Structure formats: structure tokens, C-alpha cells
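Down below is the structure, laid out as C-alpha cells.
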Amino acid sequence: MVDGPELGVTLRISLAIVVGATALVVAAGLPLAVALARPGWRGRGLVDILVTLPLALPPTVLGFYLLQLIGRTGPVGWLTERLFGGTLVFTPAAAVLAAAVVGLPLFVQPARAALEEVPAEVHEAAAIDGATGWDHLRFITLPLAWRGIVTGVLLAFTRSLGEFGATLMVAGNIPGSTQTLSLAIYSAVQAGREDVAGRLALLLTAVAALSLWAGTRWRRRAHGPAAERRMWL
């Protein structure tokens with residue numbers, strides 16, 4: 001049961017898992033978004049389906065697939081057991097992975113859309129000026145698409161914060177280790193402590209709303225003084 005000092009521990013665990021998951025989403029999702037924004041390569045449709053599929057599948061199904069991947073008989077589980085003497089199941093790393101999987105499509109879709117909106121003339125002008133490869137991506141494409149990328153980060157962060165089903169499947173509900181705010185709410189309801197569940201729900205809502213507000217404020221401020229004048233609060 002989460003109460004008193006344990007609440008702070010659960011909050012820290014939740015934030016650590018969400019930050020780790022968001023970092024993993026950006027690391028894996030940005031190359032995917034860049035690739036999917038470029039038409040014409042073979043297998044693009046299949047990759048697009050696989051990236052978007054977590055939006056259509058129940059979290060428990062995603063959790064089951066992750067168990068097959070990182071469990072003792074899975075390829076990742078086989079590798080980690082031989083390298084580290086155990087699997088990732090029921091560890092904070094499993095919770096990070098679960099949250100990243102459910103958050104990935106929410107990052108890739110807006111990032112990809114923003115990258116696709118970069119005019120072809122810009123790419124052509126950059127090529128004429130000699131910009132190729134990483135320099136083209138770093139100094140031209142990403143700066144023009146940054147708003148969509150930031151939107152994706154915010155969506156992935158807040159979705160990871162509320163993740164429940166897949167996390168429960170692969171990481172369990174271990175207080176002080178893998179119990180996030182969402183799992184703590186579930187435990188409180190199961191124990192008949194609706195007052196505790198209510199406080200935890202309000203805390204989770206406040207953290208998610210604050211994250212979205214901060215991200216929106218930063219985006220509008222970075223957009224310029226005109227947008228700053230229109231900003232609420």
C-alpha cells in the first residue's frame with residue numbers, strides 16, 4: 001500500500017521509468033521517423049504497420065509479446081541470462097521497455113508528419129549547397145521539424161507515465177522496485193482503499209498535466225514573441 005514516504009518512492013520510480021522510456025523512444029523512434037518520412041524504399045509499408053501496431057493492440061498482448069522476447073526462452077532473455085545471469089523480467093528495465101513500446105508510435109507519427117512537411121525545395125537547395133548525410137539532417141531537416149518532434153516527445157512521455165497493462169505483465173507490481181503510480185492505483189483499488197487510489201489518481205493527473213503544460217509553454221516561447229503573447233498563463 002502506498003502511503004506517506006512510500007508515495008515519494010513510487011513517484012520517483014514512475015518518473016525514472018518514464019524518463020528512461022522516453023529517452024529510449026527518442027533514440028529508436030527518431031531514426032524510424034526519418035526513414036518513414038522518405039518514400040520509395042522497399043519494406044516501408046511493413047515497418048509503418050509494425051511501428052503503429054501498438055496503438056491497436058491491447059497492452060496485455062504487447063506485454064505477452066515482450067515476455068516472449070525478454071523471458072528465459074526468448075532471444076533477449078537468453079542473451080541477458082548468459083551475460084548477466086538473469087532476465088529483465090520483473091526488473092525496472094522491463095518496465096522501461098514496456099513503457100517505451102507503448103509510447104513509440106505516439107512519438108513516431110507526429111515526428112514523421114513534421115519531417116514530411118519539410119518542403120522538397122529545401123532539400124534540393126541543401127543538396128546544391130553541398131549538405132549531405134548527417135549535416136543535412138542536423139542543420140536543416142531537424143530544425144525545421146522540431147515542433148513535431150517535441151510534440152511526439154510530450155505524447156510519448158505522458159503515455160509512458162500512464163502505462164499499466166504491459167508493465168504489469170513484464171515487470172510486475174513490486175513496491176519500491178517496479179510499482180509505478182498506475183500500478184499503485186490498481187493495488188489501492190484492489191485493497192478497497194479508494195481514498196488512497198483517489199489521491200494517487202490526482203497526483204498522476206497533475207504530473208501529466210504539468211508535463212503537457214510545460215512542453216506547450218516551451219514550444220510557444222521558442223516559436224517567438226507573438227506566440228508568447230497568446231500563451232495562456
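Among the numbered conditions (1) modelled with pLDDT under 90; (2) touching a Phe, Trp or Tyr at 6+ places or on another chain (Cβ under 6 Å), the only one that residue 156 does not meet is (1). Looking at the range 64-74 only, could you name the residues that are part of a helix (DSSP H, G or I), open to solvent by 20 Å² or more (accessible area, probe 1.4 Å) and either in contact (Cβ under 8 Å) with a residue 12 or more places away in the chain or touching a strand residue (DSSP E or B) at 6+ places or on another chain (Cβ under 9 Å) (or both)? The answer is 64, 67.
With respect to the conditions (1) open to solvent by 60 Å² or more (accessible area, probe 1.4 Å); (2) modelled with pLDDT under 95, residue 34 lacks only one, and its number is (1).
What number of residues within the range 75-92 satisfy the criterion of being in contact (Cβ under 8 Å) with a residue 24 or more places away in the chain and not in a helix (DSSP H, G or I)? Working first, answer last.
If we filter the range 75-92 for residues that are in contact (Cβ under 8 Å) with a residue 24 or more places away in the chain, which is where we start, we get 88-92.
Filter again for not in a helix (DSSP H, G or I), leaving 88-91.
Looking only at that region, the number is 4.
Restricting the search to the range 163-184, which residues are within 13 Å of residue 10 (Cα to Cα) and either touching a Lys or Arg at 6+ places or on another chain (Cβ under 9 Å) or surrounded by fewer than 23 Cβ atoms within 10 Å (Cβ to Cβ) (or both)? Answer for the range 163-184, where residues must be within 13 Å of residue 10 (Cα to Cα) and either touching a Lys or Arg at 6+ places or on another chain (Cβ under 9 Å) or surrounded by fewer than 23 Cβ atoms within 10 Å (Cβ to Cβ) (or both): 173, 174, 175, 176, 177, 182.
Taken as a whole, the structure places residue 110 among residues that are at pLDDT below 95 and within 16 Å of the chain's Cα centre (by Cα).
Yes or no, residue by residue, for (1) open to solvent by 60 Å² or more (accessible area, probe 1.4 Å); (2) under 27 Å from residue 179 (Cβ atoms); (3) not acidic (Asp, Glu):
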site: 52; (1), (2), (3): no, no, yes
site: 76; (1), (2), (3): no, yes, yes
site: 85; (1), (2), (3): yes, yes, yes
site: 102; (1), (2), (3): no, yes, yes
site: 110; (1), (2), (3): no, no, yes
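For the range 20-52, give me the residue count where each residue is touching a residue at least 40 places away in the same chain (Cβ under 8 Å) and either in a helix (DSSP H, G or I) or more than 17 Å from residue 116 (Cα to Cα) (or both). First the steps, then the outcome.
Here is the first cut: in the range 20-52, the residues touching a residue at least 40 places away in the same chain (Cβ under 8 Å) are 20-22, 24-26, 28-30, 32-34, 36-37, 51-52.
Then keep just the ones that are either in a helix (DSSP H, G or I) or more than 17 Å from residue 116 (Cα to Cα) (or both); that gives 20-22, 24-26, 28-30, 32-34, 36, 51-52.
The number of residues fulfilling the criteria is 15.
The values are calculated or read from the model by the stated rules, or taken from the named source; none is laboratory data. Here the structure is a predicted model, which means the values were calculated and not measured. Every residue, glycine as well, gets a Cβ built from its backbone with ideal geometry; the counts of neighbours run over all protein chains shown. What goes into the accessible areas is simple: the full protein's heavy atoms, side chains included, and nothing from ligands, DNA or RNA. Shrake-Rupley method; radii C 1.70, N 1.55, O 1.52, S 1.80 Å.
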